[in-house]
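Before any comments, here is the structure.
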Amino acid sequence: MSVQDLEKIFQGKIDDEIKIEPKDWMPEKYRQSLIRQVSQHAHSEIVGMLPEGNWITRAPSLKRKAILLAKVQDEAGHGLYLYSATETLGVTREQTINDLHSGKAKYSSIFNYPTLTWADIGAIGWLVDGAAILNQVMLTRTSFGPYARAMVRICKEESFHQRQGFEILLVLSTGSKEQKEMCQDAINRWWWPSLMMFGPHDSESTHFDQSMKWKIKRKSNDELRQNFVDMIAEQVKVLRMTLPDPELKWKEKTGHYDFGEINWEEFWNVVKGNGPCNRQRLEARRKAWQDGQWVREAAGAYSEKRKVRSQAA
Ligand code: FAQ
């Protein structure tokens, strides 16, 4: 069969909403695009453990500590599902991880900001997980089977994460004057970076057209960002806090909130590795990989032993 015929069958499946599975024929560019996106998503989950992990020992109560510990472990699990989904596309986990450590692969810009107070943990849950969910609910319908299925499970956990973040802020927002200030300060610092998570404007999104045609993406960066603003602008009222955007305004005519322009220079600066914590985050990941070397060797030796034993039996 010619490549043109194979491409026609492939696009036909996509158009008919039939999932593409690892052993199906797929265009090389589709495979590469997914390796890029799914591996970057996996890296984001793993690097994303660091800002919150910073507060596990300082959570204000045993209950808060247990919840935060469980949340950070959930993120590790998400990273592992996603690394496995990447492997089904024919790359090894070592290669994928090397690409993170060498700086070749990206991860979400949001995780390059510091967590300065306990309220930041609430803001991450509410805003960062909130943004992540909107994007990931769309990805439960992505065209590649293993990625779509991983997303179903991940979304269930992320929606719990968002609620726990909101609840942290709700408690602070009804507390002392200092707690209220801490809550507002965290919202002020995390708001704009959360909007940046959705990526550049559609007009600047290099992968947009092709990813929509292949149904890797179902909604554009700007569309999802607008959904997020509409949702958060209402929820912030429950907290009796404000969003740091003087241009935020409900527009009856469009049925959406208008909002101010993102500082794109800051976004690209962070994406290029020059954000407040980029170096620190990569160093932490490289160190964790080196420290875990003996565990991988021991697990490999054990698995080899079992194989030899089962062959002898
Ligand atoms: N940061 O053409 P587009 C989470 C890059 S998970 C850094 O629009 P695309 C859970 C983009 O890669 C959060 N780079 O790209 C959690 C591309 O560069 P490339 C992560 C960004 O792929 C919560 C270039 O800009 N979620 O938070 C960013 O069509 C709490 C042009 O962009 C996912 O990864 C950015 N924000 O759309 C964990 C979801 N935005 O690759 C712990 C899956 C764009 O050509 C605690 N990914 N770039 O070198 C996606 O949906 C998409 O990849 C987008 C970008 C929407 C991120």
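The values are calculated or read from the model by the stated rules, or taken from the named source; none is laboratory data. Everything quoted here is computed from the prediction, not taken from an experiment. Here the Cβ positions follow ideal geometry from the backbone for every residue, glycine too, while neighbour counts run over all protein chains shown. Surface accessibility is based on the protein's heavy atoms, side chains included, excluding ligands, DNA and RNA. Shrake-Rupley method; radii C 1.70, N 1.55, O 1.52, S 1.80 Å.
Here are the numbers for the structure shown:
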| quantity | calculated |
| --- | --- |
| Tabulated pairs, the range 20-33, first polar (S, T, N, Q), second open to solvent by 50 Å² or more (accessible area, probe 1.4 Å), C-beta under 8 angstrom, 6+ apart or interchain | S33/H207; S33/Q210 |
| Residue identified as among the polar types (S, T, N, Q) and in contact with a Lys or Arg (Cβ under 9 Å, 6 or more places away or on another chain) among Q235, Q210 | Q210 |
| Filtered residues of the range 190-220 (kept if within 8 Å of the ligand (Cβ to nearest atom) and closer than 23 Å to C277 by Cβ) | M196, M197, F198, G199, P200 |
| Output for the range 36-71, where each listed residue is open to solvent by less than 20 Å² (accessible area, probe 1.4 Å), within 20 Å of R93 (Cα to Cα) and aliphatic (A, V, I, L, M) | V38, A42, I46, V47 |
| Residue, most open to solvent (accessible area, probe 1.4 Å), within the range 150-175, restricted to residues that are touching a residue at least 60 places away in the same chain (Cβ under 8 Å) and either aliphatic (A, V, I, L, M) or over 19 Å from A70 (Cα atoms) (or both) | L170 |
| Set W268, W264: member being open to solvent by 40 Å² or more (accessible area, probe 1.4 Å), within 16 Å of the ligand (Cβ to nearest atom) and in contact (Cβ under 8 Å) with a residue 60 or more places away in the chain | W264 |
| Meets criteria (open to solvent by 30 Å² or more (accessible area, probe 1.4 Å) and either in contact with a strand residue (DSSP E or B) (Cβ under 6 Å, 6 or more places away or on another chain) or not in a loop (DSSP other than H, G, I, E, B) (or both)) for K219 | no |
| Test set (1) assigned to a helix (DSSP H, G or I); (2) in contact (Cβ under 8 Å) with a residue 12 or more places away in the chain; (3) open to solvent by 40 Å² or more (accessible area, probe 1.4 Å); (4) over 25 Å from Y107 (Cα atoms) - T242 fails condition number | (1) |
| Residue that is nearest to D185 (Cα to Cα), among those in the range 81-137 that are aliphatic (A, V, I, L, M) and part of a loop (DSSP other than H, G, I, E, B) | L116 |
| Hey, E52 in contact with an Asp or Glu (Cβ under 7 Å, 6 or more places away or on another chain) and within 16 Å of the ligand (Cβ to nearest atom) or not | no |
| Some residue of the range 100-118 being free of Cβ contacts under 8 Å to residues at least 12 places away in the same chain, away from the ligand (no atom under 12 Å from the Cβ) and surrounded by fewer than 23 Cβ atoms within 10 Å (Cβ to Cβ) | yes |
